[in-house]
Every structure is written in structure tokens, then in C-alpha cells.
1. So, A:A224, is that one buried (at least 17 other Cβ atoms within 10 Å of the Cβ), away from every other protein chain (no Cβ under 14 Å), within 18 Å of A:I37 (Cα to Cα) and modelled with pLDDT of 85 or more or not?
2. Tell me whether the range A:19-41 contains one or more residues that are in a loop (DSSP other than H, G, I, E, B) and closer than 30 Å to B:G427 by Cβ.
3. Answer yes or no as to whether B:A404 is of a type outside the set (K, R), out of contact with any strand residue (DSSP E or B) (no Cβ under 7 Å at 6 or more places or on another chain), away from chain A (no Cβ under 11 Å) and more than 12 Å from ligand 1 (Cβ to nearest atom).
4. Got a sec? Which of A:M50, A:M20 is within 26 Å of A:L106 (Cβ to Cβ), surrounded by 17 or more Cβ atoms within 10 Å (Cβ to Cβ) and within 14 Å of chain B (Cβ to nearest Cβ)?
5. Criterion first (within 15 Å of ligand 2 (Cβ to nearest atom) and without any contact (Cβ under 8 Å) to a residue 12 or more places away in the chain) does B:D417 satisfy it?
6. Restricting attention to the range B:287-297, does a residue exist that is of a type outside the set (A, V, I, L, M) and touching a Cys at 6+ places or on another chain (Cβ under 6 Å)?
7. How many residues are of a type outside the set (S, T, Y), surrounded by fewer than 22 Cβ atoms within 10 Å (Cβ to Cβ) and more than 25 Å from B:S31 (Cβ to Cβ) when one looks only at the range B:160-197?
8. Considering only residues that are within 20 Å of B:H185 (Cα to Cα) and open to solvent by 30 Å² or more (accessible area, probe 1.4 Å), which ones fall in the range B:233-246?
Amino acid sequence: MLIHLSSPHIHSGDSIRSQMMSVIWALIPAALVSVYIFGWLAVLQISSCMLACLATEWLTLKWMGRSTSPIGDASAALTGLLLALTLPALTPWWMTILGGIFAIGLGKQVYGGLGYNPFNPALSARIILLISFPLQMTTWIIPLHASLSGLNLYDVSLAWTLFTSGIAALPQAVDAMTMASPLGYVKTAWTQGIGANEALQTYHYSYLNAFIGREAGSLGETSALALLLGGIYLLARHTITWHIPFSFLATVAVLAATANTLDPNHYTPPLFHLLAGGLMLCVFFMATDPVSSPVTPVGQLVFGVGCGVITWSIRTWGGYPEGAMFAVVLMNCAVPLIDHYCRPKVYGQARKKA
Amino acid sequence: MIKHFFKKLGFSSAPFAGGIQPDMQKWTESSAIEICPLPPLLIVPMKQHIGQACSSLVKVGDHVLRGQKIAKAEGYVSVPVHAPTSGKVIKIEEHAIPHPSGMGLASIFIEPDGLDERDTSLQPITDWQNMDVGALRERVRVCGIAGLGGAAFPTFIKLVQDQRNPIETVILNGIECEPFLTNDHRLMVEHSQEILHGMKIIMHMVGAKQGIIAIEDNKADAIQSMQDTVDDANIEGLNIHVRVLPTRYPQGSEKQLIEVIIGKQVPAGKLPMHVGVICQNIGTTKAIYEAVVLGYPLTERVMTVSGDAVPNKGNLLVRLGTSMRFIYAQRGLENFEGLQILHGGPMMGERLRHPDIPVIKSSTGLLALSQDFFKQAHAVEEPCIRCGHCSEACPIGLTPNLLADHCRNEQLEKAADYHLFDCIECGACSYVCPSHIPLVHYFRFGKGQAAQVRREQNFAEASRQRSESRDTRIQREKDEKAAKRKKVRATHAPTPTEAEQGKE
Ligand code: SF4
Ligand code: SF4
């Protein structure tokens, strides 16, 4: 059915689905790294989370008596993948499923579906989980050290046991297999009066490991390299523009560098910040979520700077070791305001004083 | 600021903001212009330009000659209409014109006699260099020339010399950035001499020192042809140059082209002449040449006939008033079942309900698209995902998704604050929207609503004034009467009887 017949009568051929698919493609490197590091456990987490999201989408649409065709736009699948990648490998299965339901049900459909959600659905779910289950959400398995933790995650049955019965089902002591994330470790150390440098040393922190993904962290957050590849793909495909990633990362780097120069023992160095925690994932995949970020280029720069400031502040002074996700959500609230005041210059008009 | 910085570093790939690079589909770019035969009937609408409609000068049964004025201009913003060929006026009545609403307009129906005899009352002017500019302007007006690029604004109005706004530069718009269309392209290849001649006349008329012929880099043969002609002409010491620009839609839009060429924007509410520029379309320039040098009024134009449903695509020289159905038939298309037909290019052209509509001065192209082709652009609208692609594509610097929200909700004041009235309806935003939101459709709706509100306000204002003046008139009359009575009393020292008489 043709519903309107206004010009133009040709189209670029772009669609919501192609936008979403390109983000899914961009997440593939991170997903592969997670499978490499966490073996079957990653496969189980990712597939169950995606299934939960798709099922919730389908059920809510059915229940509301709407067409179920939005399933095909791949946005629910993307949410599932994205959420899974923010979860620790040892998340209990029911929490993963719950996360998927939260993401689609509370994060998206209650607002009226795709396009109306003020926050990225995966991000809202992750935050709900983090606040509700702080312990499970910050229990990190020692990555890729089968020798260290004594776990062979490439063993399907072991992964299945871990996924279904949780960590308690294992013979070894929990402590032997888990460790704090670098951000968490430094924060704890700091509260005990240990300086940043010393903390990093005792942690055996290595920039290289953090870059390629061998420090503790959530499934898809460990490898800055994989995320960076995905981000570059998105920029090249023109799914996102450089404004948010650039301003977000630059702000964190500048703040960290300044503080670090002033007091190196108190504040961690900028590179540590850039590689740590969920920053890369947040920068390229959550802050740039089109629905919840500003539309105009200037607005996006402002948004990115805001995210950067809040991230660094929470990491440095806040109660949580990681602040990137909270930063994005806080800035999401300001989006309508940013959009209103950061409109581009209109042809032939003198720029309005806002 | 950052953009400015990049510009300084020489990174400026897009001299105007936004823009898109659609698939140009210029399938007819190497088809030479062919002459479309005379149809058995010509239907000439009495308004083919922006402005006021003409009034008929002929009656049924009259015999007319080609180029004879058959309808005269009414008001300033208007140009006369001429008979496209010789023949007999068989009726004068309303007929559909190219308009999406399918609306009709009084039209003169002419049955050609096949002789195609010309009215020779207008003398050729060969020494226009020595002619009074006003007389040349009058010639352009009586020849019925209106912008052939699609807007059809009466051309003579732009051709003025104004002391306060001297014209420095004449820009010849050879951009033709609409996909499919190749009529200007072919004119530049085949008629570069006439075009250049027309340009010299324009420069003479407005007193411009410099002329620039702007052509996009996807028309190599047109660039070559114009360059060769200009090289020959520049021997005479003229300052005319060909400027090759990267292909980008909507570069052919007047405001964008001016910005690209002179690096200045036309301020809001001003005209190109306020920045010392006028733009002319290629076809119009050739028409000016014919009007002045040959003494031919505008009776024909070149148009592109294309689209995936047209078997024999091409560029045709068509008499104004020729039925579109006749033209399609000439190109092998007779069955319109399941097809969509467009008047103009695919980005800004309008969809027509049927092909029984005559060609007019603004007809740049005639497209026929299969339903499959057409559907791609008109898929079902999905929610806005706020991707910002529309803002990026907008050459004016608008935020189309936010603006569309305001239009949809009929928040007209907000829409105006978001510069609804600066939108040029170029369609770049709708073209890129992944959610297939018909943004331009909403902008038209918003503009229509605003016009409606304005009309109502004007009406209310006018009746308020009317009733106000009625009240004051009544009051005045009352006062006058009372004053008279006083006077009468005072001078006559009235007796009670007189006073009683005065009452009557
Ligand atoms: S291009 Fe379409 S989906 Fe994207 S912001 Fe504009 S209107 Fe919304
Ligand atoms: S149609 Fe209007 S809003 Fe859309 S891109 Fe063109 S000028 Fe901008």
C-alpha cells in the first residue's frame, strides 16, 4: 500500500534493519574474542540473552496486539547481543534471561517501542541488574587462564554446569577462579590508602593485556582492540559519526591526563582509563545509540563531553568503580535539551543566541 | 568552527552544508535531442508560470499562428502565452495541468493545421549590444519566458539593473543535479553557441562583469563543449568561465549554487541580487537568445523522457501544450497499468494521477516508473530512530526529524521556530531516512496548515477592520448630526416647534 506520494520518489535504500545489522556486524569481533576467552560459557550467555530479548519482543508485541514485524528489524537481536557482552561470564542463567526481559520490556516497549526509548535498552537492563545484584554483576572470572583458574571453559559440560548451577556447583574455591577488575582493584586499593601506581603493580596490570582483552571484565568488554575495530567499521559504514566517540574519549583522556600529571600517585594514567572497564563498549555502542543520543553534530559533541566528564568523575570519586554506563544514562536525560539548544546554523540566517 | 578549521586546511569536500549523492541514473545523457512530432491537439493552459494567470485574447474558431500571443499577462508577475503552432482554436475550457492535486485551469485548445506557420511580427534583434536594456527586457517579457528549470518564475523580473544592488556575476546553472534528467546536459552539448550567446545578452542586460557556467563533473562532454565555445568567445575579451563542481545533490538549487560559487550565502528574506548575483537556467538562457536574436516567443522546450518503464528513453524537443500521453506513446509506452508517472525529476517532481496533461514551461522531465521501483521510496513509514542522517543531509541546516514532529502535531509556532519556512523541499532528508519517514510530506502539510491559519487571521483582521470602520462611521455620523442640530439651535434660536421639526 502506498500511504503517501510526496516527493522524493527515490530512496537511498537504507533501512532500520540495515542500520541494526551493521551494529551487529561491528560487535562480532568483540563476541569472537569473548568466545575465545570464555569458551562455551560465552556462547551460552550470548545465545540465551538474544533469545530472551527476541522472545520478549515477540510476546510484548503480541500482547499489545501490534504487528510483530519489528522483530525483523534486528533491533531486539542487537539489544540481546549488546547486553550479553556487558555481562560477566559467570552471570547466573536466570539473571541473563531477566536482563533480556528487562531490556526489551522495561527498556523499550513500555516507552512505545523502538525510537521512543530515552535510554539504550541494553544499557538500562545492565544498570538494573547491576543495582539489583551488585555481587554477581561484579564477580569476574580470571580470563583465559585455564592454567590459573584450573577451569577449562572449552569443555561444554563444564560450561553448562557453570551456566545452569552457578559458581557454587564447582569443587574449587570461588576465590581461586575470580578476581577484581582493574578498575575495581584500584578503587579498593585507594580506599585502603594504596596509591595508584602501587595498586597497578600488585595487580600485575599490563596495557597490552587490557588492549587485547586479557584483563578481567565482562564478556565483551575485555578487548579494547576488538571494540575499536567494530567502532571503526561503524564509522566507515557511516552508521555513526565521529562526534560522540571522539569527544567522549578525548574528554576522559584529557581529564585523566591532567589529574595524573598533577598527582600521579593518586590518579590513574589516561591510557589506563581508556582501556579499562566498559568504556570502549559504551563509547562506540551505547553512547552512539541513535535513539537516545542527540541528532545534531554540535549536540553530539556536547553529549560526548558530558559523558566523558561524568565517567571520569564517577570512576575517580564515585561509589562505583565504573562510571561509563551511568554517564551515558545521565546524559541521555539531557538529550532533548541538548537537541533544542545545539541546532545547526540555518542557511542565510545569523546564528541565534541561545 | 571545526568545519571552518577543516575548510582552512583545504579539507572542504562539500562547500555547501549537507547534501547527498544519489544514484544519478542518467540513462539518457548520450541520447541526442529528438524532435517530438506535432500532436493532433494542443492544450495550452493560460498559466504556466509562478504568478497571476493570463486572460485569453482569442475566441473559438480563431485561426492562430505559431508564436502568436493568445493570452495576455495580467499583473506584474506574469508573462503572456503563445500559440505553439499554427491552427484553429477549437475550445477554451478548464483542463488538468501538471499538479499533484489534479487541479484544472482554463486552457486554450488548438487543432494544428500542420503548416506550422510562424507569426513574424517580432523582429530579430542582432545588435542587442547597442539596444536599450529596457527594450530587451520587454522583449524577454513579451516572448513569455519563464524559468525553464522547473520553477517557471517570469524571467524578465530578474533581468534588471539596480544601482543599489549591482550585479557582479551571472551564474549559468548547468548543474542539473536531479537524477534521470539530462535535458540541460544535452542542450550544453548540442547548443553551446546559442547558450553562450544568451549568456552574453543576460550579462549585457544586468551589467555583470563576470559570467560563470557551473557544471557538475559527471557531464564531461557538456563541460568540453561549453569550454570550447567559451575559449573561442573569450578571444573577444569576455570574462566568462566554466566551473566544474563535484556532483552533489542539491547543488543546482539556487541558494546552494551561489554559496558554492561566490562563497557567500543569500541572507534570509533576500534575493540573489542582494549578493550581486543572478542565476539562470540553461534552457532559459537559450530561450532568451531565441527571443532576442531570432524573435521567437517561447513555444517549445526540451524535456527528458525516462524511467524504468519507458521503453525508448530520450530527450525530446516538445511543443508546449503537447499531451503527456502522446509523448509517452511516441516513446513506446501506452499502457499505464501499475505505473507511476512523474512530472520533473524524482527528487522534487510531482506524481501525476494520469497522463492526459499538457506539457508546460516548467516541464523538465517526464518519468514513468514501475511499481517495484516506486515502492522502494515509498515504503511503510517506521518510527524515527533519531539517527540524525536527515540533519546531516539537509543543505539548509535544519533538523528535519524534530521539525517533522512539530508539523505532525500541528505545533506551527514551534515549526516556524525550527525554520519550517527555510526548507526548500529538496527531499535530501527523506531520501536518506532509514525509517522511510516522508519528511517532506510533513513539511508541506505544515506549510499548508500555516498558510491556512494565515488566511484565517487575515480574514479575521479584515473583518475586524471592516466592523471597526463601520462603528466609527456610525459614531461620526451621529456626532455630525448632533453638531448640526446644536448649530441649528444656536443660530436660529429655535422655537419649540422648530426644534420639533428638526427632529424629523
Ligand atoms: S533520518 Fe529518519 S530516522 Fe533518522 S533522524 Fe531523520 S527522521 Fe529520524
Ligand atoms: S527537504 Fe527541507 S528539511 Fe529536508 S533536506 Fe531539504 S531543505 Fe532540509
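The values are calculated or read from the model by the stated rules, or taken from the named source; none is laboratory data. It should be emphasised that the depicted structure is a prediction, and the values quoted were computed from it without experimental measurement. Backbone-built Cβ (ideal geometry, glycine too); neighbour counts: all protein chains shown. Note: accessible area is taken over every heavy atom of the protein model, side chains too, but ligands, DNA and RNA are not part of it. Shrake-Rupley method; radii C 1.70, N 1.55, O 1.52, S 1.80 Å.
1. Numbers: buried (at least 17 other Cβ atoms within 10 Å of the Cβ): yes; away from every other protein chain (no Cβ under 14 Å): yes; within 18 Å of A:I37 (Cα to Cα): yes; modelled with pLDDT of 85 or more: yes.
Answer is yes for this residue.
2. First, pick out the residues of the range A:19-41 that are in a loop (DSSP other than H, G, I, E, B): none.
No, there is no match, as no residue in the range A:19-41 is in a loop (DSSP other than H, G, I, E, B) and closer than 30 Å to B:G427 by Cβ.
3. Values: of a type outside the set (K, R): yes; out of contact with any strand residue (DSSP E or B) (no Cβ under 7 Å at 6 or more places or on another chain): yes; away from chain A (no Cβ under 11 Å): yes; more than 12 Å from ligand 1 (Cβ to nearest atom): no.
Here the answer is no, as B:A404 does not meet what is asked.
4. Details: A:M50 fails: within 14 Å of chain B (Cβ to nearest Cβ).
The unique qualifying residue is A:M20.
5. Details: within 15 Å of ligand 2 (Cβ to nearest atom): yes; without any contact (Cβ under 8 Å) to a residue 12 or more places away in the chain: yes.
Yes; evaluated as a whole, the condition is true for this residue.
6. Step one: list which residues in the range B:287-297 are of a type outside the set (A, V, I, L, M), which gives B:289-290, B:295-297.
Next, from what is left, pick out any that are touching a Cys at 6+ places or on another chain (Cβ under 6 Å): B:297.
Looking for residues that are of a type outside the set (A, V, I, L, M) and touching a Cys at 6+ places or on another chain (Cβ under 6 Å), one finds at least one in the range B:287-297, hence yes.
7. Qualifying residue count for the region: 8.
8. B:H241, B:R243, B:V244, B:P246
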